[in-house]
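A short write-up of the structure that comes next.
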Amino acid sequence: MLLKGKVALITGAGRGIGLTTAKRFCEEGATVYVNGRSAEQINKIVLDLQAEGFDARGLVFDVANADEVKDAFRLLIKQTKTLDILVNNAGILDDALIGMVTVEQIKRTFEINTFSTLYTSQYAARLMGRNKSGSIINISSIIGTNGNTGQAVYGGSKAAVIGITKSLAKELALSNIRVNAVAPGFIKTDMAFSIPEDKFKERMDSIAMARIGEPADIANTAVYLASDLSSYVTGQIIGVDGGMLI
Ligand code: NAP
């Protein structure tokens, strides 16, 4: 088991990539804090994971709310006094052409996709710094590295995550805290199915491997980045996109 004895927090783990990552981390022996903003949703997931014999715990907070993040980390510190792995996965997609996008859409997207990464990393870095060990994994996007029509806001929010990743990797390296990002291409979750049919086909046609990605494709990369297998890897943006050309 690659993550035995490690404590992990995964944001936005109520469904999609986050949920699959939570399950994979459990299978690898980690104690997993499952985050989401609905207590009902998270309680059910935690009970299901516990029923399978895993050490899963719920941590309900809105990643975009700095006060809620602070309170959640207080609770986590009280319970475990330690954190080894943080996966900043929570995110939203709210596409619009630049002429149509509202100020509210811009603010909400950056609050959830970008500011949250700074809020959580701040507390995680303090905790990990005590042990001189840790791995922070940020879920960016191929849209953040390559851009796309109608995605200036989402792409900007995800490109910023890359800047945060590289900066924190440099800042935290001497504390032996590694910071990397995963840039998924097109992955089979509610988010992928939320885009219009013609755009969905366009995306599928752009994938060299001719299949949509599975949440497990991202979760397995996160396992690698969380584990000691990647002990000399930091500041990297790992594309997991089946050779998507965008
Ligand atoms: P998803 O199925 O829509 O899941 C998103 C998760 O984030 C949900 O659990 C959602 O919770 C949670 N979330 C959203 N806002 C939150 C908030 N304020 N506080 C806490 N949790 C919040 O999407 P996904 O495809 O799994 O996406 C996961 C990550 O991968 C995102 O960062 C996304 O941008 C990135 N990504 C996805 C793709 C793709 O093709 N699917 C490609 C590139 C990058 P609720 O259930 O409460 O809404």
Given (1) more than 17 Å from the chain's Cα centre (by Cα); (2) of a type in the set (S, T, N, Q); (3) surrounded by fewer than 20 Cβ atoms within 10 Å (Cβ to Cβ), number of the condition GLN151 does not satisfy:
(3)
For the range 202-225, what are the residues that are in a loop (DSSP other than H, G, I, E, B) and hydroxyl-bearing (Ser, Thr, Tyr)?
SER206
All but one of (1) within 14 Å of the ligand (Cβ to nearest atom); (2) within 30 Å of MET128 (Cβ to Cβ); (3) surrounded by fewer than 18 Cβ atoms within 10 Å (Cβ to Cβ) hold for ASN220, so report the exception by its number.
(1)
Could you tell me whether GLY53 is surrounded by 21 or more Cβ atoms within 10 Å (Cβ to Cβ) and either within 8 Å of the ligand (Cβ to nearest atom) or more than 17 Å from the chain's Cα centre (by Cα) (or both)?
no
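For every residue, the table says whether it meets (1) closer than 23 Å to ASP62 by Cβ; (2) touching a Phe, Trp or Tyr at 6+ places or on another chain (Cβ under 8 Å).
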{"site": "ASN88", "(1), (2)": "yes, no"}
{"site": "ALA125", "(1), (2)": "yes, no"}
{"site": "GLY129", "(1), (2)": "no, no"}
{"site": "ASN138", "(1), (2)": "yes, no"}
{"site": "SER141", "(1), (2)": "yes, yes"}
{"site": "ILE162", "(1), (2)": "no, no"}
Looking only at residues that are part of a helix (DSSP H, G or I) and away from the ligand (no atom under 11 Å from the Cβ) in the range 127-145, which one is surrounded by the most Cβ atoms within 10 Å (Cβ to Cβ)?
MET128
With the structure loaded, tell me whether ILE17 is near the ligand (Cβ under 10 Å from one of its atoms), crowded, with 21+ Cβ neighbours inside 10 Å and either on the phi > 0 side of the Ramachandran plot or within 15 Å of the chain's Cα centre (by Cα) (or both) or whether it fails that test.
yes
Collect the residues in the range 107-146 that are free of Cβ contacts under 8 Å to residues at least 24 places away in the same chain and more than 28 Å from LYS4 (Cα to Cα), keeping them in residue-number order.
LYS107
List the number of the failed condition for ILE42; all other conditions in (1) surrounded by fewer than 20 Cβ atoms within 10 Å (Cβ to Cβ); (2) farther than 20 Å from PHE110 by Cα hold.
(1)
If I go through the range 45-93 residue by residue, how many of them are closer than 26 Å to THR109 by Cα and of a type in the set (Asp, Glu)?
4
Got at least one residue in the range 66-75 being under 21 Å from ILE137 (Cα atoms), near the ligand (Cβ under 9 Å from one of its atoms) and surrounded by fewer than 23 Cβ atoms within 10 Å (Cβ to Cβ)?
yes
Residue hits (the range 198-209; more than 25 Å from LEU19 (Cβ to Cβ) and either free of Cβ contacts under 8 Å to residues at least 40 places away in the same chain or in contact with a helix residue (DSSP H, G or I) (Cβ under 9 Å, 6 or more places away or on another chain) (or both)) are ASP198, LYS201, GLU202, ASP205, ALA208
Within the range 163-201, the count of residues that are more than 12 Å from the ligand (Cβ to nearest atom), surrounded by 18 or more Cβ atoms within 10 Å (Cβ to Cβ) and in a helix (DSSP H, G or I) comes to 5
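Read-outs throughout are calculated quantities, based only on the coordinates presented, and are distinct from any laboratory measurement. Not measured: the values here are computed from a predicted model. Note that we place each Cβ from the backbone using ideal geometry, even for glycine, and neighbour counts take in every protein chain shown.
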